[in-house]
Amino acid sequence: MYERALAGREKALGAEHSATLMTVNNLGTLYHDQGKLEEAETMYARALGGYTNVLRTEKPPLTALRSFATVLGRSMKATNTNRQISFSRLSRLISLVKERGKEDSLIIQELGRAMVFWNNDESAQVAYSHAVRYIKGQCADFGGLYCSGCRQPITVKMGLHVCRQCADTELCGRCMADYAHDALVLVRCARHTFFDVDMAALAASESMGIGDRAGASAWMDTISDEYNAGERE
Ligand SMILES: [Zn+2]
Ligand SMILES: [Zn+2]
């Protein structure tokens with residue numbers, strides 16, 4: 001289905017239109033989920049090339065930046081057998097977050113997922129703390145992060161658990177408890193382990209979240225030094 005959609009979009013819109021790139025990205029995720037990692041890599045590499053060009057030539061819309069962050073995060077996991085490529089994609093993701101992600105929850109979240117994947121739990125916690133969206137002065141949610149179990153938007157009150165192996169699987173507290181007792185079955189996540197975001201720490205900290213530009217900048221500087229951000233693939 002995606003293959004046909006892709007051919008149609010490429011013909012009608014061109015290879016670097018955001019809708020075409022999104023379809024390439026979706027096809028990559030589909031292959032990734034099916035365990036066809038070589039095919040996934042081909043699609044991801046194609047999408048990454050396309051986004052790199054789009055970001056260079058235009059004033060990129062937020063949707064393109066978000067998709068670019070998503071492809072970097074997912075492709076990094078698909079190519080984990082090649083640590084060098086995977087690490088280089090992580091560096092690019094950090095650069096993107098540093099340059100453009102400070103005011104966008106979804107882009108920072110992608111870095112949280114990446115840090116979980118790289119087992120850097122401390123940085124994952126910080127990334128999620130900067131991804132928190134405040135509504136009326138209260139820690140509210142993550143600006144569009146959905147539970148893979150109940151499909152509800154995940155709020156700070158619900159809890160957040162991030163799969164360490166999957167490209168994009170997160171659970172709310174209730175679904176995590178169901179999963180732990182086998183009341184919720186996630187086919188992809190059989191025997192996967194989860195990172196538990198410390199929600200009490202998120203709710204207790206005042207100087208975090210979207211909009212805390214100074215705090216986010218200082219942290220981004222540290223993490224980009226740590227992961228050599230700025231180097232190109
Ligand atoms: Zn849920
Ligand atoms: Zn999983």
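The values are calculated or read from the model by the stated rules, or taken from the named source; none is laboratory data. On a predicted model such as this, the values are computed, not experimentally measured, just so you know. Virtual Cβ from ideal backbone geometry, glycine too; neighbours counted across all protein chains shown. Remember, those area values only see protein heavy atoms, side chains included, never the ligands or the DNA or RNA. Shrake-Rupley method; radii C 1.70, N 1.55, O 1.52, S 1.80 Å.
Here are the numbers:
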| item | result |
| --- | --- |
| Counted residues, region 164-180 - those being more than 14 Å from ligand 1 (Cβ to nearest atom) and without any contact (Cβ under 8 Å) to a residue 12 or more places away in the chain | 0 |
| Odd one out for Ile108 among (1) closer than 25 Å to Gly14 by Cβ; (2) in contact with a Gly (Cβ under 9 Å, 6 or more places away or on another chain); (3) among the aliphatic types (A, V, I, L, M) | (1) |
| Selection count where residues are within 20 Å of Ala114 (Cβ to Cβ), modelled with pLDDT under 75 and open to solvent by 50 Å² or more (accessible area, probe 1.4 Å), scope region 211-233 | 3 |
| For Lys59: the one exception among (1) crowded, with 20+ Cβ neighbours inside 10 Å; (2) more than 23 Å from Ser88 (Cβ to Cβ) | (1) |
| Within region 126-148, considering residues that are crowded, with 20+ Cβ neighbours inside 10 Å and small (Gly, Ala, Ser), the one farthest from ligand 2 (Cβ to nearest atom) | Ser129 |
| Selection status of Leu202, more than 16 Å from ligand 1 (Cβ to nearest atom), more than 17 Å from the chain's Cα centre (by Cα), part of a helix (DSSP H, G or I) and among the hydrophobic types (A, V, I, L, M, F, W, C) | yes |
